[in-house]
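One structure is given below, encoded as structure tokens.
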Amino acid sequence: MEPKPIFSFPKMHYATPYLELYKNLNGAGATYTERSEHADTWMAKVHCIRGPVIEKATCTFLHIVNGTVNGSPGSISRFESTAYPANPKIPALFVMADINETAEMGRYLVFYPDLIIQDGQAHKQEKDFISAALKSICERHNQDFEQHNSFIAGRGVFGSNAGECGMMGFFQESDIQFLEEMLVSIPAIYQKMLSDYTYEPANDADFAAMHAARARLIEWMITESLGTKIMRENSIPLSVIEASSFPPVVKY
């Protein structure tokens with residue numbers, strides 16, 4: 001029997017601006033699929049868009065109801081979006097927001113937006129642009145961007161391919177308005193980044209760097225990601241993780 005979500009966050013409409021952005025970027029070449037899976041204690045729905053500009057982009061809703069979260073009885077609802085551009089020179093986008101409730105920790109929210117660097121280059125301009133945009137939203141809500149950003153610095157996230165220009169924080173339900181503004185603003189921020197910077201066509205070395213980065217990313221997702229650990233705790237198959245988070249093509 002498919003379980004019913006027990007939290008009102010994150011909301012389904014958060015996916016709308018992301019899916020619209022990915023469809024618009026890919027234009028007439030966009031293809032769309034929707035995939036749903038469930039068991040007694042979990043359910044997942046993955047929206048996937050593929051095309052010539054954004055090779056793979058997803059919006060995923062995952063709900064674990066009366067399952068296990070970090071070894072403690074608990075429930076979780078998560079929204080995640082990833083976007084992998086076909087050009088290795090363009091940083092990928094990652095956004096994750098969830099609410100957790102466990103017997104050990106009580107109820108709390110987690111939020112993590114960032115870039116994923118595909119070609120191993122510095123991309124300082126894009127990183128600074130994303131940080132400035134997120135910091136502006138933080139300031140409107142009396143949130144300390146530098147403190148939230150420091151939590152991801154030097155942690156080797158995404159196999160050390162994280163842009164580390166976003167933020168990671170633990171929040172309370174009183175912070176939902178702040179998180180909602182972040183979530184609905186990020187697609188426009190990412191779109192402006194793409195329009196403000198010129199990206200040359202990639203060469204063989206760029207694609208080789210991307211494939212190496214994606215291989216490290218896959219290894220990290222399987223062996224180190226806390227999100228993957230929680231999914232394994234609840235017997236959620238690797239196919240769900242692959243559909244929602246994995247890059248479109250991995251070569252070793």
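Laboratory data are not the source of any read-out in this text; all were calculated from the coordinates shown. Note that the structure is a prediction, hence the values are computed from the model and not measured. Here the Cβ positions follow ideal geometry from the backbone for every residue, glycine too, while neighbour counts run over all protein chains shown.
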* Based on the Cβ-Cβ distance from residue 249 to residue 135, what FRET efficiency comes out when R0 is 30 Å, to the nearest 0.05? -> 0.35
* Structure fact -> Quick calc, the stretch 124-242, dipole around Cα centre from Cβ unit charges on Lys, Arg (+) and Asp, Glu (-), nearest 20 debye, gives 200 debye
* Asked: Counting Lys and Arg as +1 and Asp and Glu as -1, each charge on the Cβ, what is the dipole of the chain about the Cα centre in debye, to the nearest 20?
  -> 380 debye
* Given charges at beta-carbon only (K, R positive; D, E negative), |dipole| of the stretch 177-224 in Debye -> 60 debye
* What residue among 201, 120, 108 has its Cα farthest toward the positive end of the dipole of the chain, where the charges are +1 on Lys, Arg and -1 on Asp, Glu, each on the Cβ? -> 201
* To do: For every other residue with a beta carbon closer than 12 angstrom to the beta carbon of residue 157, add +1 if it is Lys or Arg and -1 if Asp or Glu, then tell me the sum.
  => -1
* Asked: For residue 251, what charge total do you get from the other residues with a beta carbon under 14 Å from its beta carbon, if Lys and Arg give +1 and Asp and Glu give -1?
  -> -2
* Inter-part distance where the stretch 165-230 and the stretch 10-40 are each reduced to a Cα centre, Å -> 16 Å
* Asked: Say the cut-off is 22 Å between C-alpha atoms; which of 135/229; 89/192; 11/127; 192/251 go over it?
  -> 135/229; 11/127; 192/251
* Asked: By the scheme Lys and Arg +1, Asp and Glu -1, what is the net charge of all other residues having a beta-carbon under 9 Å from that of residue 107?
  -> -2
* Highest GNM mean-square fluctuation, the chain, Cα pairs closer than 10 Å: which of 60, 41, 33? -> 33
* Principal axes first, then extents: for the Cα atoms of the chain, list largest minus smallest coordinate on each axis, whole Å, largest first. => 50, 39, 34
* Show which lysines lie in cross-link reach of residue 4 when reach means a straight Cα distance below 17 angstrom and same-chain residues fewer than eight apart are skipped. => 45
* Out of 244, 14, 183, whose Cα points farthest toward the positive end of the dipole of the chain (charges: +1 Lys, Arg; -1 Asp, Glu; placed on Cβ)? -> 244
* Per-residue ³J(HN,Hα) for the stretch 159-165, Karplus 6.51 cos²θ - 1.76 cosθ + 1.60, θ = phi - 60°, Hz, x for Gly and Pro -> x, 6, 9, 5, x, 6, 10
* Report, in deg cm²/dmol and to the nearest 500, the calculated mean residue ellipticity at 222 nm for the chain, where each DSSP H run with n ≥ 4 adds -39500 (n - 2.57) and the sum is divided by the residue count. => -12000 deg cm²/dmol
